[in-house]
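Novice: Have a look at this one before I ask anything.
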Amino acid sequence: MVSVSWDLEKARLTGEAIGMHASKPGAALVVATLLLCGVARDCTAPAATADLAAVSVPAAQPGTTSDWPSYGGTSEAIHYSRLHQIDDRNVNRLGLAWYKDLANMGRSGAPLAVNGVIYFPTGLSEIHAVDASSGRELWHYEPDPAVTVVVGDKMKPGWGIRGIAFWNGKVYAGTQDGRLLAVDAATGKLVWSVQTTEPDDGRYITGPPTTFNGKIIIGNGGADDSETRGYVTTYDAESGNLLWRFYVVPGDPAQGFENDAMAMASKTWTGSQWKKGAGGNPWNALTYDPELNRVYVGTGNGGPWNQKIRSPGGGDNLFTCSIVALDADTGKYLWHFQTTPADTWDYDSTNDIELAQLTIGGHERRVILHAPKNGFFYVIDRDNGQLISAKPFAKVTWAKGIDPKTGRPIPNVAARYLNGAATVWPFANGAHGWQAMSFNPQTGLVYIPIGNLPALMSDEGIDIAKWKRKPGIYLDGGTIIPVPSSVAPDKSAKYGALQAWDPIHQRQVWAVRQRSPTNGGVVSTAGNLVFEGQADGAFVAWASDTGKELWSFDTQNGILNEPITYMAGGRQYVTVVTNFTGTAAIFGPLSEQFGWDYRTQKRRVLTFVLDGAVKLPAAAPHTSPVMADDPAFAVDPNKAKVGVDAFGKNCLICHGPGAIAGGAAPDLRVSLIPLSAEAFERIVRDGALVSAGMPRFAELSATQIDALRHYIRQEARKVPEANASAR
């Protein structure tokens with residue numbers, strides 16, 4: 001066991017200002033105190049205690065590898081590297097080593113680096129392999145796009161693929177039609193493919209698989225837009241043979257339960273939840289614990305979101321919004337910790353599950369560090385699943401706190417929208433979303449990309465007893481309405497931040513305020529650096545201990561993925577993939593401020609090295625969108641009202657609220673296609689652009705498609721340039 005001492009003087013606010021920095025390149029406004037997320041933080045320096053003086057690191061020495069072979073960097077999944085050739089003293093020399101333009105118009109996921117080769121996914125689970133030191137493409141594997149986008153898959157193109165896995169000479173990726181692929185890392189040839197879901201069952205894969213001990217585990221999504229029952233499945237990594245499966249929520253009791261855990265979970269549900277799928281889909285965080293030979297599964301929200309529909313008599317609804325510990329060899333249930341019992345706000349626990357060993361109260365504890373959507377930071381004993389501590393790291397109004405004895409939230413009944421609409425913090429995307437956080441054993445801090453937004457939630461006008469799911473995304477039926485663009489009384493409340501959090505004392509140490517509520521994932525290093533890409537296109541390095549901005553690069557596109565760092569040819573590199581899609585669409589008006597245009601912005605792989613001298617081509621200047629219009633097109637207000645509903649259920653997830661996509665998808669207001677009834681119908685209902693990632697909406701009627709055209713034209717004419725000719 002290795003212990004790393006934290007220099008308390010560097011963390012002491014009384015000796016060195018811990019501040020808030022402007023997000024633009026070169027800005028360095030240091031402030032001694034910070035009011036973050038509308039909640040005043042205690043920024044007083046912690047006293048020097050035995051707890052803080054030593055942060056123990058697992059014997060496996062996280063981050064020691066010179067590669068980046070897994071989504072989280074190492075099995076501890078802490079997004080940290082012990083590389084320090086690039087550090088806080090020389091990072092100002094960091095320059096571009098190479099870049100690679102990406103032709104794919106879909107979302108790109110986080111890369112891996114193994115033995116001098118970078119592997120990264122784009123779009124509909126395409127996989128690329130390039131030379132790490134030069135960017136030269138080695139191979140490119142592309143699944144059949146006609147298979148990966150199927151009828152009814154509404155959210156899949158919007159989310160894309162977040163990451164891939166590597167094991168014993170093979171690269172693994174999930175697909176949006178539920179397959180798990182193994183591709184030869186040397187040649188790019190398909191080795192095997194297995195279908196992890198049932199045909200047309202509404203499940204899909206967007207998250208990265210996790211490999212361990214010759215096995216590979218994968219989850220799925222789907223609870224937001226279909227009647228699914230979430231599960232994880234483990235396969236033999238060499239053959240693709242199924243080894244075990246664990247369901248997250250119970251099925252029909254009349255059919256019997258798969259195991260004792262499902263029988264236990266069934267007691268926390270009421271009604272006939274299995275008829276609605278019940279959700280809980282584990283679509284992202286899966287972490288293997290090599291010390292205990294366990295897999296920790298982060299589970300998602302119930303389906304549908306509104307608990308009054310899926311479990312009308314209440315109940316905790318296990319194992320939704322939980323961390324579930326399973327035996328890695330058999331999949332047997334060991335323990336669980338539920339972060340949001342009776343969730344009715346979409347507060348998944350699918351965010352990072354990071355492993356560490358901390359000295360708490362004079363004792364070394366094997367812990368899980370977890371900052372789920374609900375806004376509380378959890379330190380959990382991974383031996384037994386017991387809560388050690390939990391405190392809010394952002395503004396939270398759905399609960400008044402976490403009971404330290406029971407680990408249960410102290411409820412705020414008003415947040416459950418029992419008597420009309422309720423404004424609730426955080427927004428459904430979470431105080432911390434899927435973007436990776438990082439734990440740095442040197443500083444003892446966790447670096448969290450946070451979003452500060454509320455949501456308006458309501459089921460007014462809905463007949464709960466007669467509710468039935470209809471085609472469309474999670475807004476279906478109006479059961480829950482996240483409206484971040486209209487409910488915050490103070491416009492300045494809509495922002496993001498990179499926050500350094502002390503998990504032992506559960507307090508903020510420093511924070512960097514950013515203009516967008518959604519920014520990229522994070523990696524920290526032994527060089528006292530934290531790297532993060534931002535929505536405004538800045539790729540920034542901060543000092544891990546103080547939060548001082550040390551370096552910035554204008555990438556010419558927004559960034560959501562986390563960067564990675566690795567060695568190749570004796571030099572340390574940092575790579576990030578730029579691509580502002582997926583989650584960004586939900587924040588359309590807030591993303592639009594950066595001027596991103598889906599059709600012209602460059603999607604790239606950028607790789608940096610000390611004294612790199614490559615320059616990007618000059619970017620086209622940002623201009624206001626010029627709306628397409630036809631003076632002969634008369635907007636029918638009644639049709640536009642129908643179009644609002646159809647757009648919200650089917651289009652908003654990619655094309656943004658108010659048809660403002662903010663660079664995440666084509667801006668329909670400037671497109672000529674909605675002006676042509678024939679062209680619009682061919683694309684929307686007939687699927688003419690399926691191969692480009694635009695799904696087919698065969699279930700939409702001619703009336704709905706026509707209504708969409710009127711709604712889009714109505715929104716376009718709200719802009720002064722609406723009557724100008726299309727660019």
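Nothing in this text is a laboratory measurement; each read-out follows from the coordinates by a stated rule. Keep in mind the model is a prediction, meaning the values are calculated, not measured. As a convention, Cβ positions derive from the backbone with ideal geometry for all residues, glycine included, and neighbour counts pool all protein chains shown.
Novice: Using the crude model of +1 on Lys and Arg Cβ and -1 on Asp and Glu Cβ, and no other charge, please compute the dipole size for region 156-237 relative to its Cα centre, in debye to 20.
Specialist: With only Lys, Arg, Asp and Glu charged at Cβ, the dipole is about 380 debye.
Novice: Efficiency by 1/(1 + (r/R0)^6): what FRET value for ASP630 and ALA698, r their Cβ-Cβ distance, R0 = 22 Å, to the nearest 0.05?
Specialist: 0.25
Novice: Sequence gap at least 6, Cα distance under 8 Å: using those rules, report the relative contact order of region 637-723 to the nearest whole percent.
Specialist: RCO, region 637-723: 38 percent.
Novice: Another question about this same structure. State, to one decimal in nm, how far the label point of ASN293 lies from the label point of ASP686, with both points 7 Å from Cα in the Cβ direction.
Specialist: 5.9
Novice: On to the next question. Which value in nm describes the separation of the simple spin-label points at ILE410 and ALA465, placed 7 Å from the Cα toward the beta carbon?
Specialist: It is 3.7 nm.
Novice: I've got another one for you. Going down the table (LYS602/LYS718; LYS308/LYS649; LYS373/LYS468), which pairs top 24 Å between alpha carbons?
Specialist: Cα-Cα > 24 Å for LYS602/LYS718; LYS373/LYS468; rest within.
Novice: Determine the dipole magnitude for region 370-440: charges of +1 sit on the beta-carbon of Lys and Arg, -1 on that of Asp and Glu, nothing else is charged, the reference point is the Cα centre, and the result goes in debye to the nearest 20.
Specialist: Using only the charged Cβ atoms, the result is roughly 180 debye.
Novice: Could you line up THR423, THR197 from fewest to most neighbouring Cβ atoms inside 10 Å?
Specialist: THR423, THR197
Novice: Taking the Cα centre of each part, how many Å lie between region 278-310 and region 608-622?
Specialist: 40
Novice: Find which of ALA698, SER671, PHE647 sits farthest along the positive direction of the dipole of region 637-723, computed with +1 on the beta-carbon of Lys and Arg, -1 on that of Asp and Glu, about the Cα centre.
Specialist: PHE647
Novice: Another question, then. Under 37 °C and 0.692 mPa s, how fast does region 637-723 diffuse according to Stokes-Einstein, given a Kirkwood radius computed over C-alpha pairs? Answer in µm²/s, whole number.
Specialist: Answer, rounded: 255 µm²/s.
Novice: In nm, what is the difference between 0.36 nm times the number of residues separating ALA619 and HIS84 and their Cα-Cα distance?
Specialist: 189.4 nm
Novice: Rounded to the nearest 0.05, what FRET efficiency is calculated for LEU334 and LYS267 with R0 set to 22 Å and r the Cβ-Cβ distance?
Specialist: So, using R0 = 22 Å, E works out to roughly 0.70.
Novice: Counting other C-beta atoms within 10 Å, which of ARG294, ARG685 has the fewest, and how do the rest follow?
Specialist: With the sparsest Cβ surroundings first, the list reads ARG685, ARG294.
Novice: Report, by chain and number, residues whose modeled amide H sits under 5 Å from the one on VAL509, excluding near sequence neighbours (fewer than 5 apart, same chain).
Specialist: The answer is ALA500, TRP501, ASP502.
Novice: Distance from the Cα centre of region 653-723 to that of region 325-345, in angstrom?
Specialist: 41
Novice: Rounded to the nearest 0.05, what FRET efficiency is calculated for LEU243 and LEU190 with R0 set to 25 Å and r the Cβ-Cβ distance?
Specialist: For LEU243 and LEU190, the calculated efficiency is 0.75.
Novice: May I pose another question? Can you tell me which aspartates and glutamates have their Cα less than 13 Å from the Cα of LYS332? Leave out same-chain residues fewer than eight positions away.
Specialist: Straight-line reach from LYS332, under 13 Å: GLU258, ASP260.
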